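Participant: Take this structure first; my questions come after.
Any read-out appearing in this document is the output of simple, stated calculations on the displayed coordinates, not a laboratory observation. Nothing here was measured: the structure is a model prediction, and the numbers come from that model. Glycine also receives a Cβ, built like all others from the backbone with ideal geometry; neighbour counts cover every protein chain displayed.
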Amino acid sequence: MRKMIWVLMLTLAAASVHADEAFLIDSKIFDEGNLISSPAMAVIANSEASISEGEKYMLKLTLSPVDEHTAQVNANLVVDGKQFTPSLLLEYDEEASISSGGTTLLMTVRRIDS
């Protein structure tokens, strides 16, 4: 019976490791050309992640792997009460940027090896 429980626990642990891909997202947030923050987040694929710094900014995002080289990132960024909802197709390890109304978001996505 103990062997069965161990096997079940190891199987569940292994399944959860392979099911959830992890990524590191490095970002830079600019308001009117001024860098206001450089947050980094470790995220699980297809799960919402968020980070904020008081009233300065709030960033929510979801990363969805597309293939072995790219990921889709859907973000919701609020800076000084202004909302910006970009969607980016990013190559892993390559910085990309998008701007709107004086707000700029730069992102780099890296896979976290398990």
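Participant: Working from the alpha-carbon coordinates of region 67-109, get Rg over Rh, Rh being the Kirkwood radius. Let's see the in-between values first.
Facilitator: Working: Rg = 11.2 Å, Rh = 11.0 Å.
Checking Rg against Rh, the ratio lands at 1.01.
Participant: Using each residue's phi in region 96-112, evaluate 6.51 cos²θ - 1.76 cosθ + 1.60 at θ = phi - 60° and report the 3J(HN,Hα) Karplus result to the nearest Hz, with x for Gly and Pro.
Facilitator: 10, 9, 8, 10, 6, x, x, 9, 10, 10, 10, 9, 10, 10, 10, 6, 9
Participant: Would you mind counting up the charge near residue 78? Only other residues with Cβ under 13 Å from its Cβ, with Lys and Arg at +1 and Asp and Glu at -1.
Facilitator: -1
Participant: Give me, ordered by chain and number, the residues 5 or more places off residue 70 or on other chains with an amide H under 5 Å from its own placed amide H.
Facilitator: 92
Participant: Evaluate the Debye formula for region 21-112 with equal point scatterers sitting on the alpha carbons, no solvent, and hand back log10 of I(q)/I(0) at q = 0.13 Å⁻¹, in q order, two decimals.
Facilitator: Debye intensities relative to I(0), on a log10 scale: -0.37.
Participant: Tell me, in nm to one decimal, what length is gained between residue 98 and residue 51 on full extension, where the rule is 0.36 nm per residue of separation less the Cα-Cα distance?
Facilitator: Once the chain is fully extended between residue 98 and residue 51, it gains 15.1 nm.
Participant: Report the local net charge at residue 113: Lys and Arg +1, Asp and Glu -1, summed over other residues whose C-beta lies under 14 Å from its C-beta.
Facilitator: Values: positive: 110, 111; negative: 20, 21, 68, 93.
Result for the neighbourhood of residue 113: -2.
Participant: Follow-up. Find how much the distance from residue 58 to residue 85 grows on full extension, using 0.36 nm per residue of separation minus their present alpha carbon separation; answer in nm with one decimal.
Facilitator: Answer, rounded to one decimal: 8.6 nm.
Participant: Please give me the summed charge of the neighbours of residue 52: other residues whose Cβ is under 14 Å from its Cβ, Lys and Arg +1, Asp and Glu -1.
Facilitator: The answer is -2.
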